[in-house]
Amino acid sequence: MNGSTRLSEALKFGPTILDYVISLNPHDFERLRNPFMQRVMPVRITLRRLALMVNIPEQEFVDKINLLAGLPLEKIDANLAPPPVACTNPPEWMSEIDDTKIKWVDVLLGDENLEDPMPPINIAVNGLKPGEVIGIKHKWEPQPFFDIWHKRGFEYWTQQVAADEWHIFVRRPS
């Protein structure tokens, strides 16, 4: 396995991999024990993204997964671009946004009920017109979405507003 391997592929090698991943960030990853979440989330996230989320060098993380799976170690290509991340300071386009025109998608209740946040978020993002921004209220910083939004040319910024609440702003450039 390498950094591009989906977590779903790694989990096929046994429960010790799931236990290891959860141990790295129980707050965010314990929900992977739920059978529904285990079906929908791991197919969306790469080992590269997970390494970034838990702040472990990709090579070290992938080596540990391969060891747990009983597979040979695989050298990570050091020339690969790192996964996209949200900027820490508000981007310039946030200052140009009229707060009253932001359409909000609130998935906080769904987060508590372990529902899949992807459908309502995707519907809102796909409906954006050039220059428009949506706000998303989410229990977690949805890093797996960054890969999707980056590929599609969307701009985004996240802000943690409480221990279990993030506001994510997504913009379709003009």
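For a quick check of your reading of the model, give me the residue pairs whose first member lies in segment 38-66 and is over 13 Å from Arg6 (Cα atoms) and of a type in the set (Val, Ile, Thr), whose second is open to solvent by 20 Å² or more (accessible area, probe 1.4 Å) and modelled with pLDDT under 95, with beta-carbon atoms closer than 7 Å and at least 6 apart or on different chains. Matching pairs, first to second residue: Val54/Asn25. All but one of (1) within 17 Å of the chain's Cα centre (by Cα); (2) open to solvent by 50 Å² or more (accessible area, probe 1.4 Å); (3) charged (D, E, K, R); (4) modelled with pLDDT under 90 hold for Asp28; which doesn't? Unmet for Asp28, out of (1) within 17 Å of the chain's Cα centre (by Cα); (2) open to solvent by 50 Å² or more (accessible area, probe 1.4 Å); (3) charged (D, E, K, R); (4) modelled with pLDDT under 90: (2). Taken together, the residues in segment 139-174 that are within 14 Å of Met94 (Cα to Cα), crowded, with 16+ Cβ neighbours inside 10 Å and out of contact with any Phe, Trp or Tyr (no Cβ under 8 Å at 6 or more places or on another chain) amount to 2. Of the conditions (1) touching a helix residue (DSSP H, G or I) at 6+ places or on another chain (Cβ under 6 Å); (2) open to solvent by less than 30 Å² (accessible area, probe 1.4 Å), Val43 fails just one. Which one is it? Going through the list (1) touching a helix residue (DSSP H, G or I) at 6+ places or on another chain (Cβ under 6 Å); (2) open to solvent by less than 30 Å² (accessible area, probe 1.4 Å), Val43 breaks only (2). Scanning segment 129-138 for residues that are surrounded by 11 or more Cβ atoms within 10 Å (Cβ to Cβ) and either assigned to a loop (DSSP other than H, G, I, E, B) or touching a Pro at 6+ places or on another chain (Cβ under 7 Å) (or both) gives Gly131, Glu132, His138.
For segment 73-87, the criterion of being without any contact (Cβ under 8 Å) to a residue 24 or more places away in the chain and within 30 Å of Gly131 (Cβ to Cβ) is satisfied by at least one residue.
Residue count for segment 80-128, restricted to those that are modelled with pLDDT of 90 or more, part of a helix (DSSP H, G or I), touching a strand residue (DSSP E or B) at 6+ places or on another chain (Cβ under 9 Å) and open to solvent by less than 90 Å² (accessible area, probe 1.4 Å): 7.
The values are calculated or read from the model by the stated rules, or taken from the named source; none is laboratory data. Computed from a prediction, not measured in an experiment: that's the story for all the values here. So basically every Cβ, Gly included, is an ideal-geometry build from the backbone, and we count neighbours across all protein chains shown. Accessible surface is based on the protein model in full, side chains and every heavy atom, while ligands, DNA and RNA are left aside. Shrake-Rupley method; radii C 1.70, N 1.55, O 1.52, S 1.80 Å.
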